[in-house]
Each structure stands twice: as structure tokens, then as C-alpha cells.
Amino acid sequence: MSTTGSRDPDTDADFTVRTCAHPDCNLVGEFRAPRSRDALDSYYWFCLEHVREYNAAWNYYADMDDTAIEAEKRNDVVWRRPTWPLGTRTGNDGDEFADPLRLLGRDGRDGTETRAADVQLQSLTPSEREAISVLGLVAPVTKADVKVRYKILAKMLHPDANGGDKRAEDRLKSVNYAYTTLRDSERLI
């Protein structure tokens with residue numbers, strides 16, 4: 001049981017006994033009640049009988065019209081914190097985020113590129129997906145992307161540039177096959 005914020009008159013030397021705030025009562029004021037809706041952290045201290053009377057008669061919404069009451073209720077729904085309509089981008093643009101894995105999309109913003117990649121990958125055949133992987137590309141891929149990447153790899157893996165290295169020659173064959181597969185694909189733009 002937590003005793004944070006409570007004071008025991010038997011053990012606390014600085015504790016002063018409060019009397020009930022009701023004018024005709026001399027009992028101990030053990031129970032607090034707010035003074036007004038504008039000062040909810042300021043309290044009257046009453047005995048049990050008078051705090052019950054005070055609470056039964058106290059109305060937070062007294063002297064408020066219907067519009068003010070509705071505004072109070074709406075503010076309470078969001079704990080009196082500021083809110084904005086959804087989709088109005090009132091916050092920061094996210095420029096401070098580093099997204100090296102492109103989890104938020106190619107531009108690191110909203111994942112639209114990631115969703116486009118997923119859609120494209122689902123529409124491709126397994127051999128086309130393998131060809132994209134062989135070329136070292138990441139979806140979404142266009143035929144122009146494939147052509148640029150193929151030219152780079154063909155120059156890099158060409159037998160004249162590699163002195164007849166057998167591994168480079170085998171890699172070039174798989175790159176050629178991947179390029180042919182993607183070049184002839186009707187699913188790429």
C-alpha cells in the first residue's frame with residue numbers, strides 16, 4: 001500500500017489538524033472538496049457529513065451554457081491536449097529520420113515505394129524475381145533500370161576486363177540470361 005502524499009497525524013510533527021470548513025461545525029476536516037471548477041487544486045476540508053452535502057450540491061457545469069458544456073466534454077475526451085484533424089501533416093516532415101534499410105520507402109517518407117515494390121513483386125514470375133536478384137536490383141524496377149544495370153554489369157564482367165576469369169564468365173552468363181528474361185517481360189514498364 002502506497003502512502004505517498006498522505007500524512008499521519010500520529011507520526012508527522014508538522015501535521016496540523018484541520019477543522020471542518022462548514023460554518024457551524026467543529027469536527028475534524030478529513031475530506032477535501034474542490035473550491036470551484038476554476039481552482040480544482042484548491043480545496044475546502046470537511047467532515048464526512050458536510051463533504052457529502054457539499055458534493056451532492058456541487059455542480060461542475062453550473063452557470064455554463066450548452067455550447068460551453070459540449071466544449072468541456074470534447075476537451076475531456078482528449079485529456080485537454082491539442083489535437084489536429086487526421087491527414088493534415090501539422091507535425092514535422094520526418095527529415096531527421098535515417099532509413100538506410102528503406103523501410104519507409106525509397107524516399108524514406110511514407111512507404112509508397114515499398115507498397116509499389118510489393119505489388120510489382122507479387123505480379124512477377126519466380127524467374128523474373130530471380131532475374132531482378134541476379135542483377136542486384138530492388139523492386140519496383142523498370143525496363144530502363146534493368147538496361148542501365150545490365151550495361152554496368154556487362155562492362156564489369158566482360159572477359160576482356162577480367163582476363164578470362166571463369167567465375168566472371170559464369171556470372172556474365174547469368175546476367176545475360178537475367179537481362180533477356182526481364183527485357184522480354186510484359187510485366188515491367
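The values are calculated or read from the model by the stated rules, or taken from the named source; none is laboratory data. All figures in this text were calculated on a predicted structure; none of them were measured in a lab. Cβ sites come from the backbone with ideal geometry, for glycine too, and all protein chains shown count toward neighbours.
Consider region 117-142 and keep the residues that are assigned to a helix (DSSP H, G or I), hydrophobic (A, V, I, L, M, F, W, C) and touching a residue at least 24 places away in the same chain (Cβ under 8 Å). The one that is surrounded by the fewest Cβ atoms within 10 Å (Cβ to Cβ) is Val134. Would you please name the residue that is farthest from Val119 (Cα to Cα), looking only at residues in region 143-188 that are surrounded by 13 or more Cβ atoms within 10 Å (Cβ to Cβ) and among the small types (Gly, Ala, Ser)? Looking at residues that are surrounded by 13 or more Cβ atoms within 10 Å (Cβ to Cβ) and among the small types (Gly, Ala, Ser), I get Ala168.
Do we find that Asn162 is assigned by TED's automatic domain parsing to the domain that holds Arg37 and modelled with pLDDT under 90 in this structure? No.
Please enumerate the residues belonging to region 27-56 that are part of a strand (DSSP E or B), over 16 Å from Thr16 (Cα atoms) and aliphatic (A, V, I, L, M). Walk me through it before giving the result.
Initially, region 27-56 is screened for residues part of a strand (DSSP E or B), giving 28, 31-36, 39-46.
Filter once more, keeping what is over 16 Å from Thr16 (Cα atoms): 33-36, 39-42.
Matches in region 27-56: Ala33, Ala39, Leu40.
Contact map, region 49-74: first residue more than 25 Å from Val28 (Cα to Cα), second residue in a helix (DSSP H, G or I) and of a type outside the set (Phe, Trp, Tyr), Cβ cut-off under 7 Å, separation 6 or more or different chains; pairs are Tyr61/Ile69.
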